Each structure stands twice: as structure tokens, then as C-alpha cells.
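Written below as C-alpha cells is the structure these notes are about.
Rule-based calculations on the coordinates, nothing more; no lab input. All of these numbers come straight from a predicted model, not from anything done at the bench. Cβ sites come from the backbone with ideal geometry, for glycine too, and all protein chains shown count toward neighbours.
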Amino acid sequence: MSWKYTYDELLERAYSQLPEVREYSERFTIPVPEIVYEGKNTVIRNYRDICRTINRDPKQVLQVMLKEIGTAGEISGDMLILQGRINTNKILDAIESYVLSYVICSECGSPDTELIRQERSLMLKCHACGAVRPIGLAKIKLRENPQLFVLMVREGREYDVIIEGTTSEGHGVAKLRNYTIIVPGVQPGEKVKVKILKVDRNTAYAEVISKK
Ligand SMILES: [Zn+2]
């Protein structure tokens, strides 16, 4: 029934159905990892930049990521050098997993948090809502509502988007965080569930799964 509403009304309706979490999550932008392969190694060229954005100690992030990926590695200047040729998706998984476990507040979705020790446990303290909680809860909540903690648009995942415009070829264009999503066969104002087929840096290509 989308013809009943103007685009602004649609947008407002869609957003009002999501908790405030969305606002935090949309302002928080993790730089797209610049991954290059050098010989037998994998290099994340903007590693320090990523750590700066999430406001975490590069050494602590490294420890967690190496365990997650299952390789050895070291920080070199602004870069992280991993042993072996590591699949891009595995690196994205590790970064996303880190952020959901060690950065994002599970209660309000804010990334404005810090790691503190309570007794002998590592806890996540949120500066936005004051919650102090065990690390990793946001990751658990992601499984219940993938749309809530979108950090990086990933191939194979499904998202609800609103078509905001069209490309010169007439494909629909939606925005999801700092990504532009190209969706053939849809019109501006339509709210659709899409599946991501391909991601090229900040542009993703998707197909429609269902229309609302
Ligand atoms: Zn919070």
C-alpha cells in the first residue's frame, strides 16, 4: 500500500518502528578495511584507523582478532600484517565480531563505551546509558534482530531498506549506513527486503526478496 504515503512519511514510519539503537548505529561508521595481499601475508593497511574509530587499544584488538581468525600477526606502523592469505570475509567477520563483543552497548547500541575490569571479568561500560554489562551481549542480540546492529553490509545477508532514488539506468538506490545499495526492479518509496549479492567497497548490489 506504499502509494498511500509520501516518501518522508514512509521513512518516518519505518524508522519509528525501530528502537533508538538505530540512531547510534547509523552515526557509527567503521572504515572499510583496506586489505591487500603481499606474498604469503595479508595486510590490513588502515588497521590503526579502524582501532582509532572504535576507540580501542590496537594490541588488545589484535589479540582477539588473531584468536578469531586463527593465525599469527603483528602490528607494523598503521598496518596489521597477518600470516597467510586470509579470506576477506573472515577478516570482516573478525572485525564485526570484535565490535559487537567489545564496543557496542547491548542496551542502547551506543559505541561510546569503555572496557573495565570488575572483579576478574572484563565488562563493557556505556557512557551513553550508564549500563555496565558483560562483553558480547550485543552479538547475541544481533542474532535476534540483524537489522539492529548493522555494522558492515555483507554479501549473502538480508536487510530491510527503503528505495530513495534511482540510478541513471533506472535501478533503485537505497542507503544503509555509509553504503549505497543498488536494487534493480524497484521504485523510489518502496520498502523492500533485499539480499546482498556483491559488495564493492561502499557500494552493494542486491536483489529483492520481498516487498512490503
Ligand atoms: Zn548504553
Give me the dipole magnitude in Debye, nearest 20, for the stretch 153-211 about the Cα centre, with unit charges on the beta carbon: positive for Lys and Arg, negative for Asp and Glu.
220
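For the residues 144, 158, what sequence is obtained by ranking on other C-beta atoms within 10 Å, fewest first? Write out the running numbers ahead of the final one.
Details: 144 7, 158 14.
Sorted ascending by nearby Cβ count, the order is 144, 158.
Between residue 90 and residue 121, what FRET efficiency follows from the Cβ-Cβ distance if R0 is 35 Å, with the result rounded to 0.05?
Working: r = 28 Å, r/R0 = 0.79.
Here the calculated transfer efficiency is 0.80.
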Dimensions in Å of the chain - Rg and Dmax from alpha carbons:
18.7, 59
Which helices, taking whole DSSP H runs in the chain, have alpha carbons extending 18 angstrom or more along the helix axis plus mean Kyte-Doolittle at least 1.0?
none
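Would you mind calculating the gained length between residue 168 and residue 201 on full extension (0.36 nm times residue separation, minus the Cα-Cα distance), in nm to one decimal?
Details: separation 33, 0.36 × 33 = 11.88 nm, distance 2.02 nm.
Additional length available on full extension: 9.9 nm.
Quick one: 168, 210, 110, fewest Cβ neighbours within 10 Å first, how do they rank? Please list the in-between numbers first.
Numbers: 168 5, 210 11, 110 21.
Ranking 168, 210, 110 by Cβ neighbours within 10 Å, fewest first, gives 168, 210, 110.
Which value in deg cm²/dmol, rounded to the nearest 500, describes the helix-derived mean residue ellipticity at 222 nm for the chain, given -39,500 (n - 2.57) per DSSP H run of n ≥ 4 and division by the residue count? Display every interim value, and only then the final one.
Details: 6 runs with 60 residues, N = 212.
The helix-only estimate for the chain comes to -8500 deg cm²/dmol at 222 nm.
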Place a point 7 Å from Cα of residue 129 in the direction of its Cβ. Which residues in the stretch 28-46 have their backbone N less than 19 Å from it?
28-29
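First measure r as the distance between the Cβ atoms of residue 211 and residue 29, then evaluate 1/(1 + (r/R0)^6) with R0 = 22 Å and state the FRET efficiency to the nearest 0.05.
Values: r = 28 Å, r/R0 = 1.29.
Given R0 = 22 Å and the Cβ-Cβ separation, E is 0.20.
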Rounded to whole Å, give me the distance from the Cα center of the stretch 108-134 to that of the stretch 66-93.
26
